[in-house]
Amino acid sequence: MKKQLRNGLAIALLATTIISCSSDDNGNGPIDPPTGVEVNPDDFRGEFTNQKIELDASKIYRLKGKVIIGKGSELIIPAGTKIIGEGGTSAYIAIAQEGKIFVNGTKEAPVVMTGVEAKRGNWGGLVICGKAPINKGTTATAEVSDLTYGGTDANDSSGSIQYLRIEYAGAAYNSEKEFNGVSFFGVGSGTKIEYVQTYEGSDDGFEWFGGTVNTKYLVSTHNDDDQFDWTEGWNGTNEFWFSKESGVANRGIEADNNSKDRSAAPIANPTIKNITLVGLGLNTPSELTETQGMKLREGTKGIIDNVVLSNWKTGFDVEHDETLANVANGSLKVTNVRFDNVETKSKGKNTAKETVDVSGVFTEKADASGAGNGAQTPEWAKGWTVGL
């Protein structure tokens, strides 16, 4: 999906964007400082390089096409701002390498990115591409947005996000790929991510493609696929995740290292503590053959602690020899787990698809608090979220 800017009004509205770029904008580096530019809230779209776009919370921004925040540019979104995706599959916000986003929401006035209709897959979503390491190659092309991501800067910063709610995202990018609520492509640890909810998306809530970004206070609710998903060597330190499923969702967490090379470095190895994952219950729709609290496979590592798994057919599903080796050596471990209405605590298969005992992947704790309130909504998630 590569949409061209439309003629007429859209081109006129972007005239200031073109004019404010230096005539020397030929790839020799960013203009410093970035030039301020205004956008039309009734037709928000465009590709920006070396520019500063500061939105106005008193206005509603109608996303009619893609917004690409390119090299040297900043997108600043104040508390209480509302952005409505009205361009279907062509409406999304993407932060390119060396671009930055600053979402300055508050508990009382979160920033809201939503669809023009209250249905899943109504618009794209938020894509962030950084320069932190991945294991798909030194760099790669993002599966949505077609932007470059990855590199060697583990401390790379793509800005900061606080108190953001993303609703009804997940439109199909092409026949094989959909947007997630938020897609982190090679995002570095210099990026701040706190208090973000994805709600009623048609694919994953949050997905990490490598990188080193850390997160706190994430809520993923009623997204159709996995609530949290990582691959391509993501390493990050995380606290307080809460998810709840509905519809035809599969898993709380889907965790991979690299599906083409399970030993590819850097190996996915996040540290996460204080998690609650609430599933669909034991009477799930018949078409859902995999409903697991955590699907751990493709060689992932991870150290995860203080977990509540509620309403799942299977708590932990572990696959592939490399992943099993990580369980055996302790580099993949989930400690202090509370099972609540979980039919099968764990199951596993090796690469040859032979059944193996993977009960060593977890330890139990009957009074584990998870995200803060057992299987119930934690206090920190109240007041700025919906659908809990």
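When we screen E117, E176 for residues that are open to solvent by 40 Å² or more (accessible area, probe 1.4 Å), closer than 30 Å to S58 by Cα, among the acidic types (D, E) and out of contact with any Gly (no Cβ under 7 Å at 6 or more places or on another chain), the only hit is E117. When we screen D340, D367, D357 for residues that are open to solvent by 10 Å² or more (accessible area, probe 1.4 Å) and within 27 Å of N257 (Cβ to Cβ), the only hit is D357.
Criterion first (without any contact (Cβ under 8 Å) to a residue 24 or more places away in the chain, over 24 Å from T198 (Cα atoms) and either open to solvent by less than 40 Å² (accessible area, probe 1.4 Å) or in contact with a Ser or Thr (Cβ under 8 Å, 6 or more places away or on another chain) (or both)) does G137 satisfy it? Yes: the conditions hold for G137. Contact annotation: residue pairs with Cβ atoms under 6 Å, 6 or more positions apart or on different chains, pairing a residue in the stretch 50-76 that is over 15 Å from G124 (Cβ atoms) with a partner that is among the small types (G, A, S), are N50/G72; Q51/S73; K52/G36; A57/G80; G70/A96; G70/G99; S73/G99.
Yes or no, residue by residue, for (1) buried (at least 17 other Cβ atoms within 10 Å of the Cβ); (2) in contact with a Pro (Cβ under 9 Å, 6 or more places away or on another chain):
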residue	(1), (2)
G72	yes, yes
G85	yes, no
I101	yes, no
A109	no, yes
L126	yes, no
G150	yes, yes
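One residue stands out among those in the stretch 41-65 that are of a type in the set (A, V, I, L, M, F, W, C) and assigned to a loop (DSSP other than H, G, I, E, B): the one that is most open to solvent (accessible area, probe 1.4 Å), which is A57.
How about the stretch 66-106: which of its residues are of a type in the set (A, V, I, L, M, F, W, C) and outside any strand (DSSP E or B)? Result: A79, A91, A96.
Residues in the stretch 333-356 that are more than 19 Å from F240 (Cα to Cα) and either among the hydrophobic types (A, V, I, L, M, F, W, C) or out of contact with any strand residue (DSSP E or B) (no Cβ under 7 Å at 6 or more places or on another chain) (or both): V342, T351, A352, K353, E354, V356.
The values are calculated or read from the model by the stated rules, or taken from the named source; none is laboratory data. Computed from a predicted structure; not experimentally measured. Cβ: placed from backbone, ideal geometry, glycine included. Neighbour counts: every protein chain shown. Areas reflect the complete protein model, heavy atoms only, side chains present, ligands, DNA and RNA absent. Shrake-Rupley method; radii C 1.70, N 1.55, O 1.52, S 1.80 Å.
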